[in-house]
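The values are calculated or read from the model by the stated rules, or taken from the named source; none is laboratory data. The structure displayed is predicted, hence computed values, not measured ones. Note that we place each Cβ from the backbone using ideal geometry, even for glycine, and neighbour counts take in every protein chain shown. Accessible surface is based on the protein model in full, side chains and every heavy atom, while ligands, DNA and RNA are left aside. Shrake-Rupley method; radii C 1.70, N 1.55, O 1.52, S 1.80 Å.
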Protein chains: 2
Amino acid sequence: MGVADLGLPVDVPSTALFTDHYELTMLQAALKAGTAERRGVFEVFTRRLPHGRRYGVVAGTGRVLDAVENFRFDAGVLGYLRERRVVDEPTLQWLADYRFSGDIWGYPEGEVYFPGSPILRVEGSFGECVLLETVILSILNHDSAIAAAASRMASAAGGRPLIEMGARRTHELAAVAASRAAYVGGFTSTSDLAAGFRYNIPTVGTSAHAFTLLHDRERDAFQAQVDSLGRDTTLLVDTYDVTEAVRTAVEVAGPELGAVRIDSGDLLLVAHRVRQQLDELGARDTKIVVTSDLDEYAIASLAAAPVDAYGVGTQLVTGSGHPTASMVYKLVARAESADPRAPLKAVAKKSSGGKTSIGGRKWAARRLDADGIAEAEVVGTGPVPAELAGRQLLVELVKGGEVVGREPLDAARERHAAARAALPLSATQLSRGEPVLPTEYATEGSGN
Amino acid sequence: MGVADLGLPVDVPSTALFTDHYELTMLQAALKAGTAERRGVFEVFTRRLPHGRRYGVVAGTGRVLDAVENFRFDAGVLGYLRERRVVDEPTLQWLADYRFSGDIWGYPEGEVYFPGSPILRVEGSFGECVLLETVILSILNHDSAIAAAASRMASAAGGRPLIEMGARRTHELAAVAASRAAYVGGFTSTSDLAAGFRYNIPTVGTSAHAFTLLHDRERDAFQAQVDSLGRDTTLLVDTYDVTEAVRTAVEVAGPELGAVRIDSGDLLLVAHRVRQQLDELGARDTKIVVTSDLDEYAIASLAAAPVDAYGVGTQLVTGSGHPTASMVYKLVARAESADPRAPLKAVAKKSSGGKTSIGGRKWAARRLDADGIAEAEVVGTGPVPAELAGRQLLVELVKGGEVVGREPLDAARERHAAARAALPLSATQLSRGEPVLPTEYATEGSGN
């Protein structure tokens, strides 16, 4: 049995209930009408980036592949659907045999994206594709939101290590996926043991204020920690008085003390003061870790401060103001009939409210300027222009139901660093602005 | 084996890795120092409500109880911790026998809370309590954030049904917990089949735009849906032209048509127009469901519109601007020694940055005015004043390691409705303001 990559410390046999009720009722009605077997093409894209953001980051693709592979309706699930009369018996029988047999192409994990980028393309019968809407969007919308925030923070940190420590601020399993997405976006380690267990992300941590408060004196707590964890541990120095704590810390651990952590106060001011004090005490190699309510702006404001690592919690796991990407999963083309040879026809919703979509099965390419810097996201239907053929963004992920696009998490992390580096310099400005690349459409019949 | 209530469609044997690395290293150092067995009292509270919010809603308590019950370190987990050298052998042996044996009291699920409210109180040895920090905070911070948003939306909806349909906008398992929290906060049903399966929340749904686009004509799609799902189904009428679609819908289903759904456009305007058209077509009992980017403000703005139900997605599952509560888990008292008879001593961090806590093991009560309306949240240490004894908020949840506070989800839902109704009327104003109840401290030696 495959492993449903839900970030769980245990395997989960099925992802089939991470589905909205209406996907099953649509299936039932289409089965009855004879339209469920029409070939369909669904695409995941976003109409806009979160306000002011310059680029998006694709994350969760690896989790999507596992979710699709494990999307099965076992007896327990079918029993529930029958008991609640969610769908009728013919539909239950169809579901019992369900296994995605189609094709999925998509932006590889870690790649950047822009409004209109066809991030994922799912092709198969309407019936088999329509069921995957919710689980695919849940994963991509969550993970991409976290990765985008992580990427901005990593830019702001300018190479200093970033520790993900937001598990306590989000759902316990979202936390595991958030650690994973943060790692893709450029974070270095996590506090979350489940993320370490599941994804081999390095885990770190030493102590909290409770440990100091447990002991009769701060000195006793520091001594206990050094005795057990060694001199290269990180001592938390802001439970009482920071200056006093730093002095005690170096007395207890000696100048070999690994690091001190500051979790409150004016971090810029306190970091400078602590650095000076550590240097005066001869602890020149002792590092300073800061961890108080950081976001990309606070990290950037500490660029000139003597800070060696940042721990980020709330703002990372909540996407720094944008906890979800606004990706949608839309039918963009379908066959004229259930005949497998029937040609595809582009389709799109047409109504008010800014929700219009562009129909047709799409390709995407990133056009570079003469210096090799990205200058446009080109999204089209029909043949790919020769000059863009080598710059296509979609890769094959699932072929005839078999996952072919699995890769190690580090590959996504490295890809993201490279993709971000190839964007115009203004991509990493933290200030609000327009997407750093324009999206150009090259659709059939548009003259492009 | 107990069921770890993670909102999964399957049971999970252990929650022990939903833990931050530093909890285990603190345990190791305290075990070595002989301080791990000191009796400790940890409390969960928040220093402030999200900006402008009038009250908070406790949610996730039931999930916390299951997580504590299933917090065990099995061979696979211990092997991981050993291999990564997270902790030493004596600590691994201690963990192998881990089972929470202490006491937990807390605000019952669905209750409202305010800054400083001791939402959960965990007592036992320091070692056994310190390990629970992350999993408890993950659950309460996530679920309470969603319940608070749900409660405001339920107030705004004024009795009209609310459908939770945000699964696609959040992590696939956070979505299940979000459905549960939304139900506690006053929602009526969910689109998420996993939430229906796991928590018996009613699930609903009929069709998306893709279903209309699959068919050659909108009329064919409507006919297929009515043929399969019956005349009392809900037809989605904004794929092309709303007026045309409503006419077709009634032609196909007759005046017995259950409902039409509008998912875009100016909902106020369109709802009025559609209601008039339905009435003119004789479909007076056909309901109108709206589902486009709703939050509590949009819901309130439709109070006078002919809308029969609201479907809410993104803004619900992201806490309507506040995706996490800012609850913390702090050591507030601990014994002077490992002697089980040693007296408790109040402890608290004391430092800059607004992170000061109040030490001491706390009680809480809600004081009522002469009309029975809540007028203050009173939080104290030491003896409870006689006049507040009958208004205490904390209930026993775990006693000597055994869960004693489990209850059906509907109990939490009903409790929330009652608790909100007992608040001053200004509690349900949507505009930003101060907490609707002041928090008063009655600490020992403070003269209160």
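Things worth noting here:
- Here the contact order of the stretch B:153-321, divided by its residue count and restricted to Cα pairs under 8 Å and six or more residues apart, works out to 26 percent.
- Cα shape, the stretch B:376-448, gyration tensor, a/c 1.5 rule: oblate
- The alpha-carbon positions of the stretch B:153-321 define a convex hull whose volume is 109 Å³ per residue.
- Inter-label distance, nm, simple model (7 Å from Cα along the C-beta direction), B:Asp227/A:Gln276: 8.2
- Annotation: lysines with alpha-carbon distance below 29 angstrom to A:Lys399 (same-chain offsets under eight excluded): A:Lys32, A:Lys330, A:Lys345, A:Lys349, A:Lys362.
- With K and R counted +1 and D and E -1, the other residues having a Cβ less than 12 Å from that of A:Ala364 yield a net charge of +2.
- Computed over chain B, the Cα gyration tensor eigenvalues convert (square root of 5λ each) into semi-axes of 47, 27, 16 Å, ordered from largest to smallest.
- In terms of packing, defined here as the mean over residues of other Cβ atoms within 10 angstrom, the peptides B:102-109, B:362-369 line up highest first as B:102-109, B:362-369.
- With the highest mean first, a sort of the peptides B:60-67, B:421-428 on other beta-carbon atoms found within 10 angstrom per residue produces B:60-67, B:421-428.
- Per-residue mean of foreign Cβ neighbours for B:133-144 is 5 (Cβ atoms of other chains, 10 Å radius).
- Cα gyration tensor category, rounded, prolate or oblate, for the stretch A:78-215 with a/c compared to 1.5: oblate
- Top of A:Asp295, A:Asp216, A:Asp308 by mean-square fluctuation, Gaussian network on chain A, Cα under 10 Å: A:Asp216
- For A:Lys287, the amide hydrogen comes within under 5 Å of the amide hydrogens of A:Ala259, A:Val260, counting only partners 5 or more places away or on other chains and with H modelled in the peptide plane.
- Of the trypsin sites (Lys or Arg not before Pro) found in the stretch B:64-133, those in coil by DSSP whose Cβ has at most 14 other Cβ atoms within 10 Å are B:Arg85, B:Arg99.
- Shape of the stretch A:332-393 from the C-alpha gyration tensor: oblate (a/c of 1.5 or more and a/b not above b/c, with a ≥ b ≥ c the square roots of its eigenvalues).
- Reciprocal mean inverse distance between Cα atoms of the stretch B:78-132 - Kirkwood radius, Å: 13.7
- Taken about its Cα centre, the protein assembly as shown carries a charge dipole of roughly 1000 debye when the Cβ of each Lys and Arg holds +1 and the Cβ of each Asp and Glu holds -1.
- The protein assembly as shown, Cα convex hull volume normalised per residue, Å³: 157
- Legend: residues in the stretch B:192-219 shielded by at least 50 square angstrom of accessible surface upon adding the remaining protein chains to the isolated chain (1.4 Å probe, heavy atoms) are B:Leu193, B:Phe197, B:Ala210, B:Phe211, B:Leu213, B:Leu214, B:Asp216.
- Total accessible area lost when A and B pair, probe 1.4 Å, Å² to nearest 100: 8400
- Note on A:Asp74 and B:Leu269: the model spin-label points, each 7 Å out from Cα along the C-beta direction, lie 5.2 nm apart.
- Per residue, the stretch B:291-448 exposes 47 Å² of solvent-accessible protein surface, assessed with a 1.4 angstrom probe and all protein chains in place.
- With a cut-off of 14 Å between beta carbons, the residues surrounding A:Leu120 carry a summed charge of -2, where Lys and Arg count +1 and Asp and Glu -1.
- Neighbours of B:Val398 by Cβ distance under 9 Å: Lys/Arg scored +1, Asp/Glu scored -1, total -3.
- Estimated from helical segments only, the mean residue ellipticity of chain A at 222 nm is -10500 deg cm²/dmol, where each DSSP H run of four or more residues counts as -39500 (n - 2.57).
- Mean sequence separation of contacting Cα pairs (under 8 Å, at least six apart), scaled by the length of chain B, corresponds to a relative contact order of 23 percent.
- Mean-square fluctuations from a GNM of chain B, with a 10 angstrom spring cutoff on Cα atoms, peak among B:Tyr199, B:Tyr183, B:Tyr240 at B:Tyr240.
- Accessible-area composition of the protein assembly as shown, carbon plus sulfur, in percent [1.4 Å probe]: 49
- Across B:Pro90, B:Pro161, B:Pro306, mean-square fluctuation computed from a Gaussian network of chain B (C-alpha pairs under 10 Å connected) peaks at B:Pro90.
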